[in-house]
Amino acid sequence: MRSRCIISILIFVSVYTGIGCRVFNEPEPAVDLLLITIDTLRQDHLGCYGFPMPVTPEIDSLSKRHRLYSRCMSSATYTNPAHASLLTGRYPSHHGVRSNFKRIRDEAILIQEIFRTHGYQTAAFISGAPLKAGICGLNRGFSHYDDTLTQTQKKLSPCPLESASDGDRNLQNKLVLPEYEFNIRDGESTLRAVTDWLKTVDQDTPIFLWVHFYDPHGPYAPDKEIDRCFYIPDSPCDDNLKIPDTVLIPPYQKVDGVTDIDWYHAMYCGEIKYVDRCTGTLMRTLTGCRIHPLVSVITADHGEDFGEHDLYFDHGSNVYEPSLAIPLLFCGKNAEWTVGISSELVHIIDIFPSVISTMGFENMPVDGVDFLHPGPGVGNNNRFLYAETKPQFPNQRSKRVFCVRTEDYKYIYRDDPNESELYRMDGFENEHVNCIRSHFEIAETLRGACSEWYRHIGKDGEAGSIENIDSKVHEGLKALGYSN
Ligand SMILES: [Zn+2]
């Protein structure tokens, strides 16, 4: 409690003495802030990032009004650690959320607290159980935190094989999604809640609005009219795309009788198309009813694996690019912001200081850097960026996996040095060529950096456990694969 009082005083002093803060001294037109996070959205599945199928027409269109960061990584491949990093600008070891069952530390400053102190109406609408206020604590600083997850079961997917051959049609009788209790809210329901809230909001007061969509997270079950769009039965390549018998598929994803990776992938693409439509509607709704200029950020917490590294239809057990790379579209306020594509290597922890910077607020000490004002740390080859995760499967011996990323390399650190990996980073495909033996000196340097970081975490990284999660919520999370 004492630390929170000190933080409040610091923010108050910063704002009302005008130290480095031009909002009070030099009044500017009010600006609204919209933050959209799309859970489990792979960076390479957006058209504006080069995806060949028409999955994201709305976001592709929005990308023309945003700056697209082509190399953005998350801090973790789980929902809560990544979102906590986004909202604090800190690594999980600093904000304390190192799994989906940890609460944010009391002393961590959340970006919405800063906006609220600057007179903003702050609201969040979340769509997945891990981000419920009682679990993550990320509701602090929001005057309205809507985590009403009324849907206890994901809508079941109708069979996508109506136009298929007789053999495939026989299969449709077997397509049954397992019935788990899910605490979720689909994108359209979340949109309705946002729209209702916007009707109550005072136009004279700027808003900080965070909307979290959860639809691409498994189980993949897109709307009926969407889910046939991306599946081509009887593909000649199918023999190469069967799920190997030896791999584990998350129970919430497994559909009896379906072994075609293309089918799961098509359903995932359908979910992205659905959430893309919601994103476009949200943007039009907001710009249609608000009079203020808008700063907007569209990003994700993590991606999803489709077998690239023996992980199927899941995330969280590794730190490879399919799960770690995230999209980032940023529309700022001031002259330093421009549209186009940036190839700078940036991190989810950089969003906090960049948003604060474009608003003209006084920045706080954070782990990230302001990518709108490149200086030491951004735009050069010296930056070391970290991420971590905690593998779930019993056949993975390391308790935690870390990685350090530089401009050209990615080093993956495991408990056993013999399991460590080094990759040249020019694209996803290069994570299949472990060059640790041929680039020994680089590997040693990055291992040293990772080892130092690991030691730091060892004394500082565990905090904020939740001891009394409601048992029903706990079971729902477990059903969605949140076992940590
Ligand atoms: Zn997530």
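Number of residues in the range 212-222 that are in a loop (DSSP other than H, G, I, E, B) and either within 16 Å of the ligand (Cβ to nearest atom) or farther than 24 Å from residue 146 by Cα (or both) equals 7. Summed over the range 96-115, residues that are within 16 Å of the ligand (Cβ to nearest atom) and not hydrophobic (A, V, I, L, M, F, W, C) total 4. Checked against (1) under 15 Å from residue 325 (Cβ atoms); (2) away from the ligand (no atom under 12 Å from the Cβ); (3) hydroxyl-bearing (Ser, Thr, Tyr), residue 88 passes all but condition (1). Scanning the range 289-303 for residues that are more than 10 Å from the chain's Cα centre (by Cα) and within 9 Å of the ligand (Cβ to nearest atom) yields nothing.
Taking the range 49-82, which residues are within 15 Å of the ligand (Cβ to nearest atom), out of contact with any Gly (no Cβ under 9 Å at 6 or more places or on another chain) and among the small types (Gly, Ala, Ser)?
In the first step, residues of the range 49-82 are kept if they are within 15 Å of the ligand (Cβ to nearest atom); the result is 73-82.
Next, only the ones that are out of contact with any Gly (no Cβ under 9 Å at 6 or more places or on another chain) stay: 73, 75, 80-82.
75, 82, listed by residue number.
The set of residues in the range 91-101 being under 25 Å from residue 405 (Cα atoms) and touching a residue at least 24 places away in the same chain (Cβ under 8 Å) consists of 91, 92, 93, 94, 96, 97, 98, 99, 100. Filtered by the rule that a residue be among the acidic types (Asp, Glu), within 15 Å of the ligand (Cβ to nearest atom) and in contact (Cβ under 8 Å) with a residue 24 or more places away in the chain, the range 304-340 gives 304, 314. Across the range 253-265, the qualifying residues are those that are in contact with a strand residue (DSSP E or B) (Cβ under 9 Å, 6 or more places away or on another chain) and part of a loop (DSSP other than H, G, I, E, B), and the one among them that is modelled with the highest pLDDT is 253. Residue count for the range 341-359 satisfying the condition of being of a type in the set (S, T, N, Q), in a helix (DSSP H, G or I) and either at positive phi or touching a residue at least 24 places away in the same chain (Cβ under 8 Å) (or both): 2.
Against the conditions (1) assigned to a strand (DSSP E or B); (2) at pLDDT 95 or above; (3) within 27 Å of residue 264 (Cβ to Cβ), residue 330 satisfies every one except (3).
Restricting attention to the range 333-355, the residues that are of a type in the set (A, V, I, L, M) and either surrounded by fewer than 22 Cβ atoms within 10 Å (Cβ to Cβ) or at pLDDT below 90 (or both) total 3.
Yes/no per residue for (1) among the hydroxyl-bearing types (Ser, Thr, Tyr); (2) crowded, with 24+ Cβ neighbours inside 10 Å:
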| position | (1), (2) |
| --- | --- |
| 63 | yes, no |
| 67 | no, no |
| 80 | no, yes |
| 89 | no, yes |
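The values are calculated or read from the model by the stated rules, or taken from the named source; none is laboratory data. Quantities reported herein were computed from a predicted structural model and do not represent experimental measurements. Don't worry about glycine lacking a Cβ; one is built from the backbone with ideal geometry, like all the others, and counts go over all protein chains shown.
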